[in-house]
Amino acid sequence: MLPKMNGSVAPCDDFWNYACGGWLKDHVLPPAARSKWNQDEEIAFRNREAIRSLVTTLPHPTRDSSIEWKMTRLYESCMALDTIESDKYTPLRKIINQMGGWHVLREFSIHSWDYRQALQHLHALYGVSPFFKVTVVPDPRDPIKSIIQVSPAGLGLPDRSYYYRPSDSLALTAYKHHLRDAVSNLGATTTAADRFSDETFHFEKRIAEITPSLVDLQDPTHATIVTVQKLKILAPSIPFHDILLAMFPKANIGDTTEVLMPSETYITKVSSVLSTTDRESLNNYMMWVLAMHYLPYLSQEFRDTVNYFRKEMTGANEPLQRWEMCIETLQRFMAFALATMQDQAMAETDRNAAINVVNEMFDSTRNQVRKRVERAEWIPPELRALQLEKIDTLDLQVGFSSRLLSKEYRERYYSKLFVQKNDFFQNIQYGVEFLREIQQERLASPSEEHRWIDALSVGSSPTYVTSANKVIVPLHILIPPVFHPEYPLSVLYGGVGVQLATAFVSAVLPWNVLYGADGKLLPSDHVTVNQSALASQAPIKFLIKDLVKSGHISESVANRTALATMKQIAAIRQAYLAMVAALAELPHTHQPAMEKFESDAVFFLTQAQGNKMTPMKP
């Protein structure tokens, strides 16, 4: 802690510099492959290093149906660059040809290409989601069940606001170059590539114009549930029945199948765009979305275009090292297996000690949050009753249960994942098919753990799961330097304690407060729906005004971040009070070499240093 500080600065003058100045001096810029560097990035990197060590030291697997065999062969196929380089663009061109060709590559028949069939194949066979994405989520009316969700798929640029920047802005120029260079490498002429770049960007801008804001998508009261039959009427240009049937053939898809839509208006507008766009433009855009998803898995010249675009957008001067990219890919398809392997690698005594400490912190935080809600006279009685019920019934899950760690469960989970030696691109396709199979199983045969298993597998911090009213804590994050069961309480509560409190606070603030303790979404006419909005309105407005006044961010950014900022402030306060309560039962002590620091100072130093970040690269 001490080396990260800057003792030459008075804490009341510049607490950030005081707490983190030493670390910032030693980390003027992020590592070459990163656009930023903070504790979360460092934890993710160390986690990948730990996974690589586990994967590369596994005993030689002999059974091709075992998880170890699939894990090892998938990683090795990614590392086998000679095979990948010799294939060049052949694997992707093969898919494009099967899809009816690509107009920009002059391999396209306007009369025979059917965008409806192409949409179906992209979603069902290749895991690609032009215009909208299809996922399986807990049913908000009954979270034990699952429902299909159709939502906006995102854009080529990070946010819709990018499309309204000046035409010569760095982001737009980089994206257009990316469009042009990618199709040029695939065989398009220079003239065709330039035209494709401009036309596809402007078509995507049409999609950006109808894409709802992230704030609107977060509000569950805006969502609607309709049948497939109704969906055919709302969006006649989109073959939803065929797409869903192709994606989930074993889920009894029919006209009465229900679909959850976070933004019904967006889907109806997409249908209108499809019906008013010529086939060449639709083909160019849909094949571009396909290519964009698979370019990182091709030979060097294609990876170079992806990395150049990433560099221009984020400032990361170098791509990830190959091993890290391969571990990242392994996490995409085998996150559950990797997380359970890490759980099992932890010594039982360390595991039990970590779980016990987190449970104690959880109970202490629950008591403080409960007291806060009970004493808040400004909270209406109906809203207070709902919040207290959620707090009292909130559950905690640290790591995986013995059932999920069993060999039988894990091998059954991965029984439909196929892996081929030395064929990385084919393995990506196998992985995409496996993820679709997992979604289908969750739709057809939902299970209690389906609601939180992903958060436990890929999470980098404690997470609140609305549908289960449960806080999930991945065991693989409970390691030094972030956590150790014998750390002082001031360090524990300033680090993981704040994260636990954030999960608690998330349960009783928008938008999660709109769900009951049973995980069910409250009816829109429920009295607490309006009460919760009014209760948070004033502090959010104050934060937006204060953030804009500071001059560091725009009003649009302040609108998107004010709620998260409010939660963070509340979480720090609750974690601090939980620490004070826990310390009240212990003798007063100081830490060696830190005798002049009281526990509250250590708490806030830990919290600040956990949020330290290098300046973003220009």
Name the residues in region 469-485 that are free of Cβ contacts under 8 Å to residues at least 40 places away in the same chain and either surrounded by 21 or more Cβ atoms within 10 Å (Cβ to Cβ) or under 21 Å from Ala578 (Cα atoms) (or both), would you? His484
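Quick one: would you say Thr256 is more than 27 Å from Gly431 (Cα to Cα) and part of a loop (DSSP other than H, G, I, E, B)?
Answer is yes for this residue.
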Is it the case, given these coordinates, that Glu49 is within 29 Å of the chain's Cα centre (by Cα), surrounded by 16 or more Cβ atoms within 10 Å (Cβ to Cβ), within 30 Å of Val419 (Cα to Cα) and among the acidic types (Asp, Glu)? no
Look through Ala535, Ala501 and report the one residue that is at pLDDT 95 or above and in contact with a helix residue (DSSP H, G or I) (Cβ under 8 Å, 6 or more places away or on another chain). Ala501
Give me the helices (runs of 4 or more DSSP H) completely within region 368-419, filtered to those with at least 3 residues that are touching a helix residue (DSSP H, G or I) at 6+ places or on another chain (Cβ under 8 Å) and among the hydrophobic types (A, V, I, L, M, F, W, C), ordered by residue number. 381-393
Report yes if Asn359 is free of Cβ contacts under 8 Å to residues at least 12 places away in the same chain and closer than 30 Å to Val505 by Cβ, otherwise no. no
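Rundown of residues vs (1) modelled with pLDDT of 95 or more; (2) in a loop (DSSP other than H, G, I, E, B); (3) crowded, with 17+ Cβ neighbours inside 10 Å, yes/no style:
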{"residue": "Tyr294", "(1), (2), (3)": "yes, no, yes"}
{"residue": "Arg310", "(1), (2), (3)": "yes, no, yes"}
{"residue": "Asn317", "(1), (2), (3)": "no, yes, no"}
{"residue": "Leu330", "(1), (2), (3)": "yes, no, yes"}
{"residue": "Thr349", "(1), (2), (3)": "yes, no, no"}
Suppose we filter Ala581, Ala564 for residues that are part of a helix (DSSP H, G or I), more than 28 Å from the chain's Cα centre (by Cα), surrounded by fewer than 18 Cβ atoms within 10 Å (Cβ to Cβ) and not assigned by TED's automatic domain parsing to the domain that holds Arg160; which single one remains? Ala581
Selected residue (only one of Ile243, Ile233 is crowded, with 16+ Cβ neighbours inside 10 Å and under 22 Å from Ala118 (Cα atoms)): Ile243
Looking at region 128-152, which of the residues that are surrounded by fewer than 17 Cβ atoms within 10 Å (Cβ to Cβ) and touching a residue at least 60 places away in the same chain (Cβ under 8 Å) is nearest to Ala192 (Cα to Cα)? Thr135
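Yes or no: Asn284 part of a helix (DSSP H, G or I) and assigned by TED's automatic domain parsing to the domain that holds Asp114?
So Asn284 fits the description; yes.
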Within region 194-220, residues being among the hydrophobic types (A, V, I, L, M, F, W, C) and closer than 19 Å to Ser184 by Cα number 2
What do you reckon, is Glu85 surrounded by fewer than 17 Cβ atoms within 10 Å (Cβ to Cβ), within 30 Å of Asn284 (Cβ to Cβ) and not β-branched (Val, Ile, Thr)? yes
Which one of these does Asp82 not meet: (1) in contact with a Pro (Cβ under 9 Å, 6 or more places away or on another chain); (2) without any contact (Cβ under 8 Å) to a residue 12 or more places away in the chain? (1)
Kindly indicate whether Ile110 is touching a helix residue (DSSP H, G or I) at 6+ places or on another chain (Cβ under 6 Å) and under 30 Å from Leu417 (Cβ atoms). no
Can you tell me which residues in region 448-468 are surrounded by fewer than 23 Cβ atoms within 10 Å (Cβ to Cβ), of a type outside the set (Ser, Thr, Tyr) and in a loop (DSSP other than H, G, I, E, B)? Trp452, Gly459
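If you check Ala80 against the conditions, is it modelled with pLDDT of 95 or more, of a type in the set (A, V, I, L, M) and surrounded by fewer than 18 Cβ atoms within 10 Å (Cβ to Cβ)? Full working, then the answer.
On the way: modelled with pLDDT of 95 or more: yes; of a type in the set (A, V, I, L, M): yes; surrounded by fewer than 18 Cβ atoms within 10 Å (Cβ to Cβ): yes.
It is true that Ala80 is modelled with pLDDT of 95 or more, of a type in the set (A, V, I, L, M) and surrounded by fewer than 18 Cβ atoms within 10 Å (Cβ to Cβ).
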Only residues that are touching a His at 6+ places or on another chain (Cβ under 9 Å) and surrounded by fewer than 16 Cβ atoms within 10 Å (Cβ to Cβ): list them for region 182-230, please. Asp216, Gln229
Listed residues Ala223, Ala208, Ala235; which is without any contact (Cβ under 8 Å) to a residue 60 or more places away in the chain, of a type outside the set (S, T, N, Q) and under 30 Å from Thr561 (Cβ atoms)? Ala208
Just checking, how many residues over region 221-238 are more than 11 Å from Asp255 (Cα to Cα) and modelled with pLDDT of 95 or more? 9
Could you run through region 430-447 and say how many residues are polar (S, T, N, Q) and either outside any helix (DSSP H, G or I) or modelled with pLDDT under 95 (or both)? 2
Any residue at all in region 450-466 that's polar (S, T, N, Q), within 19 Å of Val505 (Cα to Cα) and at pLDDT below 95? yes
Is region 254-268 home to any residue that is touching a Gly at 6+ places or on another chain (Cβ under 7 Å) and assigned by TED's automatic domain parsing to the domain that holds Leu122? no
Select from region 405-414 the residues that are under 17 Å from Gln331 (Cα atoms) and either free of Cβ contacts under 8 Å to residues at least 40 places away in the same chain or over 25 Å from the mean Cα position of the chain (by Cα) (or both) and list them in ascending order. Glu411
Which of (1) within 23 Å of Leu217 (Cβ to Cβ); (2) over 22 Å from the mean Cα position of the chain (by Cα); (3) in a helix (DSSP H, G or I) does Pro523 not meet, given it meets every other one? (3)
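The values are calculated or read from the model by the stated rules, or taken from the named source; none is laboratory data. Just so we're clear, the structure is a prediction, and the values are computed from it rather than from any experiment. So basically every Cβ, Gly included, is an ideal-geometry build from the backbone, and we count neighbours across all protein chains shown.
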